[in-house]
1. Give region 14-63 a look and list any residue that's touching a Pro at 6+ places or on another chain (Cβ under 9 Å) and either farther than 22 Å from residue 74 by Cα or among the β-branched types (Val, Ile, Thr) (or both), or say none.
2. I'd like the full set of residues that are outside any strand (DSSP E or B) and under 15 Å from residue 87 (Cβ atoms), limited to region 38-60.
3. Out of the residues in region 72-113 meeting the condition of being touching a Ser or Thr at 6+ places or on another chain (Cβ under 8 Å) and among the small types (Gly, Ala, Ser), tell me which one is farthest from residue 15 (Cα to Cα).
4. Tell me, please, whether a residue that is modelled with pLDDT of 95 or more, outside any strand (DSSP E or B) and hydroxyl-bearing (Ser, Thr, Tyr) can be found in region 20-29.
5. Filter region 80-95 down to residues that are of a type outside the set (Val, Ile, Thr) and within 9 Å of the chain's Cα centre (by Cα) and give me whichever is nearest to residue 42 (Cα to Cα).
6. Checking residue 46 against (1) surrounded by 13 or more Cβ atoms within 10 Å (Cβ to Cβ); (2) of a type in the set (A, V, I, L, M, F, W, C); (3) under 23 Å from residue 113 (Cβ atoms): exactly one of these is not met. Which one?
7. Select from region 49-64 the residues that are under 11 Å from the mean Cα position of the chain (by Cα) and farther than 19 Å from residue 23 by Cα and list them in ascending order.
Amino acid sequence: MARFPKVDARQLKVFGGTGTSTANAVTINASAGVITTESVTTAAGATYTMTLTNSHIAAADIVLATVSTTGTGSPVVTEVTAAAGTCVILVQNIHASAAFNAVLVIKFVVVKQ
């Protein structure tokens, strides 16, 4: 059984970046960051795909992501797929009837394996 060192929040330091996407893609070379998308229109039940280029991501890493918006609909991150230098973030509108038509804010952090 592997033993992991104990770490509390005071010991955790994350260096972040920001970026605004164009054509569903953005580059942020940092361990964490905030992506502001272009205005997105996604029907109820449909998905939006964001490609993040990031030199801090390796294929075996875990990328955690959240999404928020001030628009209608109910966007949620449903999948994040990491590869060397990139990851694809899939956001689905889980609202039963309302499309979202607004800017999304996606926050992410890269966890090294």
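The values are calculated or read from the model by the stated rules, or taken from the named source; none is laboratory data. Since this is a predicted model, take the numbers as computed values, not measurements. Neighbour counts are summed over all protein chains in view; Cβ atoms, including those assigned to glycine, are modelled from backbone coordinates with ideal geometry.
1. Filtering region 14-63 for residues touching a Pro at 6+ places or on another chain (Cβ under 9 Å) gives 40, 42, 48.
Result: 40, 42.
2. Narrowing region 38-60 to residues outside any strand (DSSP E or B): 38-39, 43-46, 54-60.
Those that are outside any strand (DSSP E or B) and under 15 Å from residue 87 (Cβ atoms): 54, 55, 56, 57, 58, 59, 60.
3. Across region 72-113, the extreme among qualifying residues is 98.
4. yes
5. First pass over region 80-95, keeping only residues of a type outside the set (Val, Ile, Thr): 82-85, 87, 90, 92-93, 95.
Narrowing further to those that are within 9 Å of the chain's Cα centre (by Cα): 87, 90.
On the way: 87: 21, 90: 12 Å.
So the residue we want is 90.
6. All conditions are met except number (3).
7. Initial filter on region 49-64 (under 11 Å from the mean Cα position of the chain (by Cα)): 49-52, 63-64.
Answer for region 49-64, where residues must be under 11 Å from the mean Cα position of the chain (by Cα) and farther than 19 Å from residue 23 by Cα: 63, 64.
Conditions tested, residue by residue: (1) of a type in the set (A, V, I, L, M); (2) assigned to a loop (DSSP other than H, G, I, E, B); (3) at pLDDT below 95; (4) surrounded by 17 or more Cβ atoms within 10 Å (Cβ to Cβ).
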position	(1), (2), (3), (4)
64	yes, no, no, no
67	yes, no, no, yes
73	no, yes, yes, yes
90	yes, no, no, no
101	no, no, yes, no
107	no, no, no, no
113	no, yes, yes, no
